Amino acid sequence: MTSSTKPDRVLAGFRKSIDNIDAALIHMLAERFRITQAVGEYKAKVTLPPADPAREQEQIARLRRLAEESELDPEFSEKFLRFIIDEVIRHHEQAASR
Ligand SMILES: C=C(O[C@@H]1C=C(C(=O)O)C=C[C@H]1O)C(=O)O
């Protein structure tokens with residue numbers, strides 16, 4: 001039997017765990033964007049700027065420390081958070097222009 005037809009139970013077990021982790025990531029991201037939407041609406045109401053670079057620097061420094069402790073690449077962790085924050089800021093800019 002070739003590798004393409006034989007079910008690989010070991011790989012399937014790993015992939016089940018990956019699928020669970022991916023689902024948890026999506027749920028956590030959905031919750032994060034739910035709360036940042038509320039922040040964006042609040043900022044628009046009280047006319048605060050969409051971005052807060054000082055707060056972002058604190059978050060990035062903290063995340064890099066956590067990444068190092070967890071043996072995760074701090075550069076990757078910073079890029080990942082930057083990507084999410086940039087999308088949040090885009091939402092906040094949209095909320096401010098409504
Ligand atoms: C959510 C906020 O707005 C922006 C988005 C941030 C984020 O996604 O964590 C952090 C700072 C701000 O640039 C905030 O000010 O707390």
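Brief remarks follow.
- Comparison of 15, 62, 9 shows that the only residue that is open to solvent by 80 Å² or more (accessible area, probe 1.4 Å), within 14 Å of the ligand (Cβ to nearest atom), among the basic types (Lys, Arg) and free of Cβ contacts under 8 Å to residues at least 12 places away in the same chain is 62.
- Pairs, first within 13 Å of residue 90 (Cα to Cα) in segment 41-58, second open to solvent by 90 Å² or more (accessible area, probe 1.4 Å) and at pLDDT 95 or above, C-beta under 6 Å, six or more apart: 50/93
- Checklist (1) in a helix (DSSP H, G or I); (2) open to solvent by 90 Å² or more (accessible area, probe 1.4 Å); (3) free of Cβ contacts under 8 Å to residues at least 40 places away in the same chain applied to residue 24, failing item: (2)
Yes/no per residue for (1) within 16 Å of the ligand (Cβ to nearest atom); (2) in a helix (DSSP H, G or I); (3) surrounded by fewer than 15 Cβ atoms within 10 Å (Cβ to Cβ); (4) modelled with pLDDT under 95:
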{"residue": "5", "(1), (2), (3), (4)": "no, no, yes, yes"}
{"residue": "28", "(1), (2), (3), (4)": "yes, yes, yes, no"}
{"residue": "31", "(1), (2), (3), (4)": "yes, yes, yes, no"}
{"residue": "40", "(1), (2), (3), (4)": "yes, yes, no, no"}
{"residue": "49", "(1), (2), (3), (4)": "yes, no, yes, no"}
{"residue": "66", "(1), (2), (3), (4)": "yes, yes, yes, no"}
{"residue": "77", "(1), (2), (3), (4)": "yes, yes, no, no"}
{"residue": "86", "(1), (2), (3), (4)": "yes, yes, yes, no"}
{"residue": "92", "(1), (2), (3), (4)": "yes, yes, no, no"}
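The values are calculated or read from the model by the stated rules, or taken from the named source; none is laboratory data. If you're wondering where the values come from, they're calculated on a predicted model, not measured in any experiment. Methodologically, a virtual Cβ is constructed for each residue, glycine included, from the backbone with ideal geometry; neighbour enumeration extends over all protein chains shown. Heads up: the accessible areas ignore ligands, DNA and RNA and are worked out on the full protein's heavy atoms, side chains in. Shrake-Rupley method; radii C 1.70, N 1.55, O 1.52, S 1.80 Å.
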